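A short worksheet on the structure shown next.
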Amino acid sequence: MSYDRYVAICKPLHYGTLLGSRAFLHMAAAAWGYGFLTTLLHTTNVFSLPLCQGNALDQFFCEIPQILKLSCSDTDYFREVGLIILSACLLFTGFVFIVFSYVQIFRAVLKIPSEQGRHKAFSMCLPHLAVVSLFISTAMVAYMKPSSISSPSLDLVMAVLYAVVPPAVNPLIYSMRNQELRDALRKLIQLLLQYLQ
């Protein structure tokens, strides 16, 4: 999506040639292929882990780090950690691509002479950037927090945060471009503030 926004703003006259149906098909196939491949690798590896501490997790869904805590085989554990590091590197590559695209977009938008043109361009990009940032930041907090502050209840809260919050607020963020919805949200906030006072 960041590449789509990049081409739409930075190279609008080439949009049809750069992003035809074939390009969208390739991007979708790459995303689905990456997801399928990493899921297949993690699933087959996790199913081969010997569990010596039971099979009960302190989560509401099966997360790999939680399963690794139950493993008693060091070689399988390190193999799965290697897969997680490989997946993280691939995700980081995608993240760098998104950041690079948005830096180019913001540079192009800031060169637009009219205020209305800049506003329209930013309104196209900011919802996607907000959704991606929300998901990445909550997932990073969940997976990269120090083990010294880790507890089962905190792990559960973090898992809920990154698994439930971004998809739940996604429609709200994308619909904020609608003026009627913004007015309704402003009225709702004013009513809540009046009620709290």
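The values are calculated or read from the model by the stated rules, or taken from the named source; none is laboratory data. The structure presented is a predicted model; accordingly, all values stated were derived computationally and were not measured. Here the Cβ positions follow ideal geometry from the backbone for every residue, glycine too, while neighbour counts run over all protein chains shown.
Just one of (1) touching a residue at least 12 places away in the same chain (Cβ under 8 Å); (2) assigned to a helix (DSSP H, G or I) fails for L57. It is (2). Cβ-Cβ contacts under 6 Å between residues 6 or more apart (or on different chains), taken from a first residue in segment 105-122 that is free of Cβ contacts under 8 Å to residues at least 12 places away in the same chain to a second residue that is not in a helix (DSSP H, G or I), are listed as R118/I112. When you scan segment 33-40, do you find a residue that is surrounded by 14 or more Cβ atoms within 10 Å (Cβ to Cβ) and out of contact with any helix residue (DSSP H, G or I) (no Cβ under 7 Å at 6 or more places or on another chain), even just one? No, segment 33-40 has no match at all.
In segment 175-188, the residue that is farthest from the chain's Cα centre (by Cα) out of those that are surrounded by 13 or more Cβ atoms within 10 Å (Cβ to Cβ) and modelled with pLDDT of 75 or more is L185. The single residue among C52, C72, C89, C62 that is exposed (fewer than 14 other Cβ atoms within 10 Å of the Cβ), in contact with a Pro (Cβ under 9 Å, 6 or more places away or on another chain), free of Cβ contacts under 8 Å to residues at least 60 places away in the same chain and assigned by TED's automatic domain parsing to the domain that holds Y6 turns out to be C72. Among the residues of segment 119-161, the one identified as over 30 Å from K69 (Cβ atoms) and either in the same structural domain as L91 (by TED's automatic domain parsing) or aromatic (F, W, Y) (or both) is F122. Within segment 140-152, the set of residues being in contact (Cβ under 8 Å) with a residue 60 or more places away in the chain and within 18 Å of the chain's Cα centre (by Cα) comprises Y143 only. All conditions but one from (1) farther than 21 Å from V141 by Cβ; (2) outside any helix (DSSP H, G or I) apply to G33; the one that does not is (2).
Looking at V109, V96, V103, just one residue is farther than 22 Å from Y143 by Cβ, among the β-branched types (V, I, T) and either in contact with a Leu (Cβ under 9 Å, 6 or more places away or on another chain) or exposed (fewer than 14 other Cβ atoms within 10 Å of the Cβ) (or both), and that residue is V103. Kindly establish whether A28 is of a type in the set (G, A, S), assigned to a helix (DSSP H, G or I) and surrounded by fewer than 14 Cβ atoms within 10 Å (Cβ to Cβ). Against the criterion (of a type in the set (G, A, S), assigned to a helix (DSSP H, G or I) and surrounded by fewer than 14 Cβ atoms within 10 Å (Cβ to Cβ)), A28 qualifies.
Hey, any hits in segment 153-174 for a residue that's closer than 20 Å to L57 by Cα, within 25 Å of the chain's Cα centre (by Cα), loosely packed, with under 13 Cβ neighbours inside 10 Å and not hydrophobic (A, V, I, L, M, F, W, C)? Yes, some residue in segment 153-174 is closer than 20 Å to L57 by Cα, within 25 Å of the chain's Cα centre (by Cα), loosely packed, with under 13 Cβ neighbours inside 10 Å and not hydrophobic (A, V, I, L, M, F, W, C). Beta carbons closer than 8 Å, at least 6 apart along the sequence or on distinct chains, pair a first residue in segment 1-22 that is in the same structural domain as F100 (by TED's automatic domain parsing) and without any contact (Cβ under 8 Å) to a residue 24 or more places away in the chain with a second that is surrounded by 10 or more Cβ atoms within 10 Å (Cβ to Cβ) and among the β-branched types (V, I, T) for H14/V7; Y15/V7; L18/V7; L19/V7.
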